[in-house]
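Trainee: One structure is given below, represented as structure tokens, and several questions about it will come after.
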Amino acid sequence: CHLFFNIIGILIWFPVPLMRRVPMSIAQLLGLYASYYRAFPAVYVMVSFVGVPGLLLGVSAIFDASFAGGVAVVLLLLAGLVGFEFWWLRLGGCYKVFPATARKECKECLERADAELADASQAPTTEV
């Protein structure tokens, strides 16, 4: 199953060059947040692999109990997600969580670290 999951992911993201930028930019943004907030990777893993699946399992249980209740909960969750995205993107919530100046400083610091790593990997090595 995991092999097919990876193959399907490659077929979705790799063929179109514009699509290749999406996972790379997301990974860069997550790295930027992780460089600013040390607890971010642990919170991200817990939310992604425990919180969201638990929430979806709860919604599934609500659908088993009452279809109308399940639809109402899904609509509330979608409204909450749309509201969060509006706040995050349109009202500048992302800059309240991670200020633009700190974002720029961290990005420059990460670019310097990348340049140092690239220089170190191109330096000649001496084998003993």
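Trainee: Can you tell me which residue in the range 71-109 is least open to solvent (accessible area, probe 1.4 Å), limited to those that are part of a helix (DSSP H, G or I) and of a type in the set (Phe, Trp, Tyr)?
Mentor: TRP88
Trainee: If I filter the range 1-36 down to residues being of a type in the set (Ser, Thr, Tyr) and in contact with a Phe, Trp or Tyr (Cβ under 8 Å, 6 or more places away or on another chain), which single residue comes out as least open to solvent (accessible area, probe 1.4 Å)? Steps first, please.
Mentor: Our first condition is that a residue be of a type in the set (Ser, Thr, Tyr); within the range 1-36, this holds for 25, 33, 35-36.
Retained after the next criterion (residues that are in contact with a Phe, Trp or Tyr (Cβ under 8 Å, 6 or more places away or on another chain)): 33, 36.
On the way: TYR33: 18, TYR36: 91 Å².
For the range 1-36, the residue satisfying everything is TYR33.
Trainee: Could you tell me which of the residues ALA61, ALA34, ALA42 is assigned to a helix (DSSP H, G or I), more than 18 Å from the chain's Cα centre (by Cα) and small (Gly, Ala, Ser)? It would help to see each step written out before you state the result.
Mentor: Numbers: ALA34 fails: more than 18 Å from the chain's Cα centre (by Cα); ALA42 fails: more than 18 Å from the chain's Cα centre (by Cα).
Answer to the selection: ALA61.
The values are calculated or read from the model by the stated rules, or taken from the named source; none is laboratory data. Computed from a predicted structure; not experimentally measured. Glycine also receives a Cβ, built like all others from the backbone with ideal geometry; neighbour counts cover every protein chain displayed. Note: accessible area is taken over every heavy atom of the protein model, side chains too, but ligands, DNA and RNA are not part of it. Shrake-Rupley method; radii C 1.70, N 1.55, O 1.52, S 1.80 Å.
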